[in-house]
1. Could you list, in sequence order, all residues of the range 135-193 that are under 23 Å from residue 94 (Cβ atoms) and of a type in the set (D, E, K, R)?
2. For residue 151, only one of the following conditions fails: (1) open to solvent by 20 Å² or more (accessible area, probe 1.4 Å); (2) more than 22 Å from residue 179 (Cβ to Cβ). What is its number?
3. When only residues in the range 103-117 that are open to solvent by 20 Å² or more (accessible area, probe 1.4 Å) and touching a residue at least 40 places away in the same chain (Cβ under 8 Å) count, which is nearest to residue 4 (Cα to Cα)?
4. Within the range 154-193, can you find the residues that are polar (S, T, N, Q), open to solvent by 40 Å² or more (accessible area, probe 1.4 Å) and touching a residue at least 40 places away in the same chain (Cβ under 8 Å)?
5. Can you confirm whether residue 139 is part of a loop (DSSP other than H, G, I, E, B), free of Cβ contacts under 8 Å to residues at least 12 places away in the same chain and open to solvent by less than 50 Å² (accessible area, probe 1.4 Å)?
6. May I ask you to verify whether residue 74 is open to solvent by 70 Å² or more (accessible area, probe 1.4 Å) and under 25 Å from residue 165 (Cβ atoms)?
7. Determine, yes or no, whether residue 124 is in a helix (DSSP H, G or I), touching a Pro at 6+ places or on another chain (Cβ under 8 Å) and surrounded by 17 or more Cβ atoms within 10 Å (Cβ to Cβ).
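The values are calculated or read from the model by the stated rules, or taken from the named source; none is laboratory data. Computed from a prediction, not measured in an experiment: that's the story for all the values here. For neighbour counting, all protein chains shown are included, and Cβ atoms are generated from backbone atoms with ideal geometry for every residue, glycine included. For the accessible areas, the whole protein counts, side chains as well, though only heavy atoms, and no ligand, DNA or RNA atoms are used. Shrake-Rupley method; radii C 1.70, N 1.55, O 1.52, S 1.80 Å.
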Amino acid sequence: MEPITLSTERLLLRPFDDRDVEAVRSACQDPDIVRWIPVPDPYGRKEAEEFVLGVNPSGWREDTMYNFGIFTKQGELVGSMGLVRLGALRAPERQAELGFWTVKEQRGKGYTVEAGHAVIDWAFSTLKAERLEWVAEAGNEASRRVAWRLGFVMEGTQRAKIVHRGTRRDAWVATLLPIDLGREMDTPYLPAR
């Protein structure tokens, strides 16, 4: 897919480019990002260049990850958000996983939720996704609060789902369906009784 740009009242969501390498490197020095997100540790310029200039463009090109840098309208990095596990976006599954991280100084301002609404709207309207999943290591309360504010429905804990820093860890899982937001679904849904 050709990369696209989304915007909200306060934010610009665009693919990362070479001007973002230093901001991403700096953000990934935060112990909370290193703790919860599978980024390399230590995270230097080489790792930032690989993420910004390699992983992100190839994700769009190969339809494996549609990732956005989240920026204020003034150009400050807020974080990263994207859809992963895109192979399942093809029929009949039509689903993907929403992932994100937020720069320490930008937390608590509602930016990640604002960006999430834009990505979710794009996923349901343009990509015709019928199911979005959120997965985070059990205990990541900040990520869970964002997922909850976006309307995700908690489905439970999956044992040993995530391998992080060489250790299997339990994961919280939640889903969001178009009908949760008052939208129609192309494929009929028959919930369990």
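1. Within the range 135-193, 155, 161, 180, 183, 184, 186 qualify.
2. If we test residue 151 against (1) open to solvent by 20 Å² or more (accessible area, probe 1.4 Å); (2) more than 22 Å from residue 179 (Cβ to Cβ), just (2) comes out false.
3. The extreme case among them is 117.
4. So in the range 154-193, the residues polar (S, T, N, Q) come out as 157-158, 167, 175, 187.
Still in the list and also open to solvent by 40 Å² or more (accessible area, probe 1.4 Å): 157-158, 167, 187.
Matches in the range 154-193: 187 only.
5. Values: part of a loop (DSSP other than H, G, I, E, B): yes; free of Cβ contacts under 8 Å to residues at least 12 places away in the same chain: yes; open to solvent by less than 50 Å² (accessible area, probe 1.4 Å): yes.
Criteria met by residue 139.
6. Criteria not met by residue 74.
7. Here the answer is yes, as residue 124 does meet what is asked.
A quick yes/no check of all residues on (1) surrounded by 13 or more Cβ atoms within 10 Å (Cβ to Cβ); (2) at negative phi; (3) hydrophobic (A, V, I, L, M, F, W, C):
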position: 17; (1), (2), (3): yes, yes, no
position: 23; (1), (2), (3): yes, yes, yes
position: 33; (1), (2), (3): yes, yes, yes
position: 42; (1), (2), (3): no, yes, no
position: 52; (1), (2), (3): yes, yes, yes
position: 55; (1), (2), (3): yes, yes, yes
position: 59; (1), (2), (3): yes, yes, no
position: 80; (1), (2), (3): yes, yes, no
position: 86; (1), (2), (3): yes, yes, yes
